[in-house]
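Q: This is the structure, below, for whatever I ask next.
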Amino acid sequence: MNRNMWVYLNGSFVSHEEARISVFDHGFLYGDGIYETLRAYAGRPFMLKHHVARLYRSGAMIGLRIPLPEEDWPGLIVEALTRNGLRSEKPQQDRELGDAYLRITISRGTGDIGLDPDLCPSPTVLIMAKPLIPYPRHLFEEGVRVSIVSVRRNLSTALPPQIKSLNFLNNILAKREATKGGFFDGLMLNAEGALAECTASNVFFVREGRLYTPSLACGILDGITRGIVLQLSREAGLIAEEGAYSGDALLRAEECFLTNTSMEIMPVTHVNDSTIGSGHPGPITITLRERFHANLSRFLT
């Protein structure tokens with residue numbers, strides 16, 4: 001942890017050592033809250049408007065009023081980066097900085113014991129910014145191994161996946177199962193047995209030159225990087241299809257990759273004990289990763 005980290009907490013920036021959240025905070029007690037994770041490239045936030053819009057959508061879906069107008073967030077994010085040495089006041093110097101990881105957390109706030117949201121008069125708002133620890137380069141060059149785990153994705157009718165909730169136990173159980181087996185991550189199926197998503201990423205696969213990914217109806221989060229990959233693939237003339245697919249369809253794939261904000265596009269070369277394609281990152285995966293970086297400036301604030 002950065003010893004000099006500054007965090008935004010309920011209206012002001014303070015040292016992380018001075019930041020205090022009550023033991024009666026309902027985010028801690030019940031997982032009652034929402035969050036967003038962002039990445040900044042050399043001081044420039046990635047898809048900031050989309051992340052903020054999704055944050056407000058999550059808040060609306062659980063009846064949590066965010067006590068800040070949307071137009072305040074760019075300034076707060078910039079200040080969090082600048083205070084933590086992740087953005088300079090001279091833009092020409094930003095390219096010398098490393099990338100940053102940011103997390104916005106908003107909980108229901110402090111209140112008496114009980115599930116009633118009305119017990120909490122005001123939400124807790126927290127912003128953290130720290131240097132991004134990049135994934136090792138060899139993972140992108142060699143690909144990773146994932147497993148289809150026994151833990152099923154939450155039913156959409158029980159907990160809508162469009163809410164980025166602080167309650168992450170479903171994903172944690174899947175992650176534990178995967179890591180105990182020596183895998184990079186766990187791929188969850190939904191209640192109907194269709195492919196859903198990994199514990200913190202969306203999944204794509206390639207067959208006969210076509211790109212496939214589970215649709216939102218399969219109970220997945222509409223990942224922001226997922227949307228960019230679909231956009232870039234169509235701009236490149238690839239046929240991209242969203243639908244419901246079995247685990248067997250993935251095992252017959254020629255390529256596979258994962259997407260999220262921090263890893264961007266991560267090749268998958270093994271699912272369970274099966275080799276995907278040649279056992280190396282495939283040409284479409286490599287091309288999309290190259291196109292992602294070539295077009296990155298389009299998506300930066």
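Q: Cβ-Cβ below 8 Å, separation at least six or inter-chain, first residue in the range 170-184 and over 9 Å from VAL146 (Cα atoms), second of a type in the set (Asp, Glu) and surrounded by 19 or more Cβ atoms within 10 Å (Cβ to Cβ): which pairs?
A: Qualifying pairs under 8 Å: LYS175/ASP185.
Q: Pairs only if they're at least six apart or on different chains, beta carbon under 7 angstrom, first in the range 202-227 and more than 12 Å from ALA249 (Cβ to Cβ) and aliphatic (A, V, I, L, M), second assigned to a strand (DSSP E or B) and open to solvent by less than 30 Å² (accessible area, probe 1.4 Å); list them, first residue then second.
A: LEU211/PHE204; LEU211/ALA240; ILE220/ALA196; ILE220/GLU197; ILE220/ASN202; ILE220/PRO214; LEU221/GLU197
Q: Which residue is nearest to the chain's Cα centre (by Cα), if the candidates are limited to the range 262-301 and must be over 16 Å from LEU139 (Cβ atoms) and hydroxyl-bearing (Ser, Thr, Tyr)?
A: Taking the candidates together, the pick is THR301.
Q: Would you check which residues across the range 33-67 are farther than 21 Å from MET263 by Cα and open to solvent by 30 Å² or more (accessible area, probe 1.4 Å) and list them?
A: Across the range 33-67, the qualifying residues are ALA53, TYR56, ARG57, ALA60, MET61, ILE62, GLY63, ARG65, PRO67.
Q: Shifting gears a bit: I'd like to verify a number: residues in the range 119-131 that are open to solvent by less than 40 Å² (accessible area, probe 1.4 Å) and in a strand (DSSP E or B), how many?
A: 5
Q: Which of the strands (runs of 3 or more DSSP E) contained wholly in the range 224-301 include at least 2 residues that are touching a Phe, Trp or Tyr at 6+ places or on another chain (Cβ under 6 Å) and open to solvent by less than 10 Å² (accessible area, probe 1.4 Å)?
A: 255-260, 264-271
Q: Then there is this: Quick one: PRO134 ticks every box in (1) at pLDDT below 95; (2) of a type outside the set (D, E, K, R); (3) open to solvent by less than 70 Å² (accessible area, probe 1.4 Å); (4) out of contact with any Ser or Thr (no Cβ under 8 Å at 6 or more places or on another chain) except a single one, so which number is it?
A: (3)
Q: Right, next: Which of the residues spanning the range 157-192 are among the small types (Gly, Ala, Ser) and in contact with a helix residue (DSSP H, G or I) (Cβ under 9 Å, 6 or more places away or on another chain)?
A: Once the filter is applied, which keeps residues that are among the small types (Gly, Ala, Ser) and in contact with a helix residue (DSSP H, G or I) (Cβ under 9 Å, 6 or more places away or on another chain), the range 157-192 yields SER165, GLY186.
Q: Another question, if that's okay. Can you spot a residue in the range 159-169 that is more than 26 Å from TYR135 (Cβ to Cβ), touching a strand residue (DSSP E or B) at 6+ places or on another chain (Cβ under 9 Å) and aliphatic (A, V, I, L, M)?
A: yes
The values are calculated or read from the model by the stated rules, or taken from the named source; none is laboratory data. Just so it is clear, the model here is predicted, and its values are computed rather than measured. Positions of Cβ are generated from backbone atoms using ideal geometry, with glycine treated the same way; all protein chains shown enter the neighbour counts. SASA here: full protein model, heavy atoms, side chains in, ligands and nucleic acids out. Shrake-Rupley method; radii C 1.70, N 1.55, O 1.52, S 1.80 Å.
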